[in-house]
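Below is one structure, written out as structure tokens; the observations come after it.
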Amino acid sequence: MAGRVDALYFFLLALSVFFSVLIAGLIVYYAVKYHRKRPDAVGAAVHGGMILELTWTIVPFLITMVIFVWGASVYFAMARPPDETINIYVVGKQWMWKFQHLDGQREINELHVPVGRDVKLITTSEDVIHDLFVPAFRMKADVIPGRYVSIWFRATKPGRYHLFCAEYCGTRHSGMIGEVIVMDPAEYQTWLGGGAQEGSLASAGEKLFQDLACNTCHRPDAQGRGPVLQGLFGKTVQLQSGETMTVDEAYVRESIINPSAKVAAGFQPIMPTFQGLVTEEQLLELIEYVKSLKALPQTETR
Ligand code: CUA
């Protein structure tokens, strides 16, 4: 993305320089050319000029439209992750960056990724607003408590790249820094294998699901008091309010933290809140577990 961002940036810079020099130059040129030659000289009155008015309206309009369309196309490319990505969760916290790989590896202030692959970071914050900034990738996004913000990149060269927090977040904001380590795919596989003893994020979520007794109500056989979760992620569900909702990370999170906010049609709002009982990282484990539950062939799911 860096090449596209830079091209737009240098275009804006060149445009600004061109018009600044043009305007400053004309001011000086006309100041000299039309300066008062006799103490009693009076300038000629000017009563508008249609051609001139149209020119300085239409030309800037066309230029700003070019900036708008160009800027929007770069923005959409940055904002829309490709379909096939390596997903990594990011939790910002005063004052560190926590990264969770789906296979279970956890890192603090270091992020290992393979070169040449699309990587999607799903970010959230445990406390205040932070901002994840990797200047070399031209990638920057606010990391917001209570929300999942996704950003993506494809690193094109192995190496180590600076990572910053770019939103003032308290005393040690300036120390909330780290590194993205871009590795050859083979090296990356070795690195991934090095820390897998803890088990995947989804398996940690499964254990938590049982520890919190979620499984007593969310049963796979449709006999529980809560909705069946198998095959639910990504589906569109009907709510009690009559609205429909796509089951994404944010909806699963809200359903755990504030279950009565959006109750699925046909169910009672009896689920207790888990606010304060699960950390942001545990929420991510639960979400990955729900994502991992494939539809059962014999079960009718809605
Ligand atoms: Cu986190 Cu500044």
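Between Gln275, Gln282, Gln268, the distinction of being surrounded by fewer than 17 Cβ atoms within 10 Å (Cβ to Cβ) and under 24 Å from Lys98 (Cβ atoms) belongs to Gln275 only.
Of all the residues in the stretch 109-145, those that are among the hydrophobic types (A, V, I, L, M, F, W, C) and without any contact (Cβ under 8 Å) to a residue 40 or more places away in the chain number 5.
Here is a check on your reading of the model: is Tyr75 assigned to a helix (DSSP H, G or I) and either under 19 Å from the mean Cα position of the chain (by Cα) or within 16 Å of the ligand (Cβ to nearest atom) (or both)?
For Tyr75, the condition - assigned to a helix (DSSP H, G or I) and either under 19 Å from the mean Cα position of the chain (by Cα) or within 16 Å of the ligand (Cβ to nearest atom) (or both) - is met.
Looking at this structure, is Thr299 modelled with pLDDT under 80, β-branched (Val, Ile, Thr) and surrounded by fewer than 17 Cβ atoms within 10 Å (Cβ to Cβ)? The answer is yes for Thr299.
Specify the residue that is farthest from Gln94 (Cα to Cα); the eligible residues are those in the stretch 147-180 that are loosely packed, with under 15 Cβ neighbours inside 10 Å and within 16 Å of the ligand (Cβ to nearest atom). This residue is His162. Please verify whether the stretch 196-212 includes one or more residues that are buried (at least 16 other Cβ atoms within 10 Å of the Cβ) and within 15 Å of the ligand (Cβ to nearest atom). No - not one qualifying residue is present in the stretch 196-212. Please go through the stretch 125-144 and give me each residue that is away from the ligand (no atom under 11 Å from the Cβ) and either surrounded by fewer than 15 Cβ atoms within 10 Å (Cβ to Cβ) or assigned by TED's automatic domain parsing to the domain that holds Glu254 (or both), ordered by number. Matches in the stretch 125-144: Pro135 only.
The values are calculated or read from the model by the stated rules, or taken from the named source; none is laboratory data. Just so it is clear, the structure is predicted and the values come from calculations on it, not from any experiment. Please note: Cβ atoms are built from the backbone with ideal geometry, for glycine as well, and neighbour counts cover all protein chains shown.
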